[in-house]
Amino acid sequence: MRITVKLFATFRAKRFDIESREYPDGTTVEQIVDELELPMEKLGIVMVNSRHVDLDREMNDGETLAIFPLVGGG
Amino acid sequence: MATLDSFLQEHAAGDLISWQHQLAAAERFALSLAEVEAAILAADLLPARYQRNRGMLSTQQQGQLFRSRVAVIGCGGLGGYVLEELARLGIGQIVAVDADVFEEHNLNRQLLSTPGTLGQAKVEAAVQRLAEINPAVVVKPVKDQFTRANGRDLLGGVDCVVDAVDSVAARLDLEAVCSALRIPLVHGAIAGWYGHVATVYPGEDTLQKLYRHWTGGKGIEQQLGNPSFTPAVVASLETAEVCKVLLGLGVPLRNRQLTLNLLDMEVVEVPL
């Protein structure tokens, strides 16, 4: 299935801003996070088609996954 | 003997009272500058220092801001700018909460830090700075950390709270206490080139949604640090939200988060 992955802020470095990527059916958000080697402890907002999701959410063909790093400084 | 009201009417230029006459009134009637400012605004006059606000805020609205009480939790990067802007805006009562003293690594960005304030409590520096820029503002310094235990006391009588802390745990506590006390909360966070802002009304639990994947520890600010400009940008957006919340103006950032990327100059709105 094709998934559009959008990365934000520091997650773009050495990766990409936006890419259409191929994944096997049933791939979860967490598997994509792992595959992209994004640090799990620095995950901020994670959305599929503009809705906030848990990491065990299974992706469907044609969906857009957006991942922001955790920003917490003051 | 003239009353305060007749003194003010006599010395008004149009409907403006100059700082000089505000000072003179305080001395003559043995009142605090805050008491005189309250009387000026109650008489539908305007302290001249706010004359450039009046294209956007009426004298009644300026009076409402003066009668408002805002708590700023954290007086570092975000909090320093927020305090400065709230005082210049004319918020009458400000509670400044922070347990820390200034250290050298604060000097690159924290507005209230100078070589001369190193080692000084951040809330003490806040009191001094606000007394310099707007002596009619009453500032209550609290040299302590915000916790769920002291939160109720700290936020008593407060109309709006500004989240300017530097830990996710403290932010979640702050949201819970504000929600229980039915106080709107303006949230801002920064890391390097990046930041975000959101306004939370009681019961919306926006920060719980925003930090739902948080597992403990810091965000990317741990690696990136923070420069001079990101806190100023995010703090200014927070202050604009406070002004709107207090006066019921415009469209606040409710149930949405504005994310800022100053490196690529990208602003993205995230629904919450």
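What follows draws every value from the coordinates through simple rules; no lab data is involved. Please read all numbers here as calculations on a predicted model, not as lab measurements. Here the Cβ is made from the backbone with ideal geometry for all residues, glycine too, and neighbour counts use every protein chain on show.
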- Report yes if A:V46 is farther than 24 Å from B:P227 by Cβ, facing another protein chain (nearest Cβ under 9 Å) and β-branched (V, I, T), otherwise no. yes
Going through the stretch B:98-133 in order, the residues found to be crowded, with 23+ Cβ neighbours inside 10 Å and either touching a Pro at 6+ places or on another chain (Cβ under 8 Å) or part of a loop (DSSP other than H, G, I, E, B) (or both) are B:D98, B:Q110, B:L111, B:L112, B:S113, B:V123, B:A126
Practice prompt. With respect to B:A235, determine if the residue is at the interface with chain A (Cβ under 10 Å from one of its Cβ atoms), within 20 Å of B:V70 (Cβ to Cβ) and crowded, with 17+ Cβ neighbours inside 10 Å.
Written response: yes
- Query: Is there a residue in the stretch B:173-182 that is under 17 Å from the mean Cα position of the chain (by Cα), touching a residue at least 12 places away in the same chain (Cβ under 8 Å) and away from chain A (no Cβ under 14 Å)?
  - Reply: yes
Within the stretch B:248-261, residues crowded, with 17+ Cβ neighbours inside 10 Å and either more than 10 Å from chain A (Cβ to nearest Cβ) or under 12 Å from the mean Cα position of the chain (by Cα) (or both) come out as B:P252, B:L253, B:L258
**Prompt:** Regarding B:G195, is this residue farther than 23 Å from B:L83 by Cα, within 12 Å of chain A (Cβ to nearest Cβ) and buried (at least 24 other Cβ atoms within 10 Å of the Cβ)?
**Reply:** no
Within the stretch A:18-36, residues in a loop (DSSP other than H, G, I, E, B) and over 11 Å from the mean Cα position of the chain (by Cα) come out as A:Y23, A:P24, A:D25, A:G26, A:T27
Restricted to the stretch B:72-90 and to residues being away from chain A (no Cβ under 13 Å), buried (at least 22 other Cβ atoms within 10 Å of the Cβ) and touching a residue at least 60 places away in the same chain (Cβ under 8 Å), the residue farthest from B:G156 (Cα to Cα) is B:L89
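Each row is one residue, and each column tells you yes or no for (1) closer than 30 Å to B:A169 by Cα; (2) touching a His at 6+ places or on another chain (Cβ under 8 Å); (3) not in a strand (DSSP E or B).
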{"residue": "B:Q20", "(1), (2), (3)": "no, no, yes"}
{"residue": "B:E27", "(1), (2), (3)": "no, no, yes"}
{"residue": "B:A39", "(1), (2), (3)": "no, no, yes"}
{"residue": "B:R49", "(1), (2), (3)": "no, no, yes"}
{"residue": "B:M56", "(1), (2), (3)": "no, no, yes"}
{"residue": "B:V72", "(1), (2), (3)": "yes, no, no"}
{"residue": "B:L78", "(1), (2), (3)": "yes, no, yes"}
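Residues are listed down the side, and each one gets a yes or a no for (1) closer than 20 Å to B:R212 by Cα; (2) surrounded by 12 or more Cβ atoms within 10 Å (Cβ to Cβ); (3) touching a residue at least 40 places away in the same chain (Cβ under 8 Å); (4) not charged (D, E, K, R):
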site	(1), (2), (3), (4)
A:D17	no, yes, no, no
A:P24	no, no, no, yes
A:E41	yes, yes, no, no
A:I45	yes, yes, no, yes
A:S50	yes, no, no, yes
A:N60	no, yes, yes, yes
Might you check whether a residue that is among the aromatic types (F, W, Y), closer than 30 Å to B:S228 by Cα and either more than 8 Å from chain B (Cβ to nearest Cβ) or touching a Leu at 6+ places or on another chain (Cβ under 8 Å) (or both) occurs anywhere in the stretch A:3-19?
yes
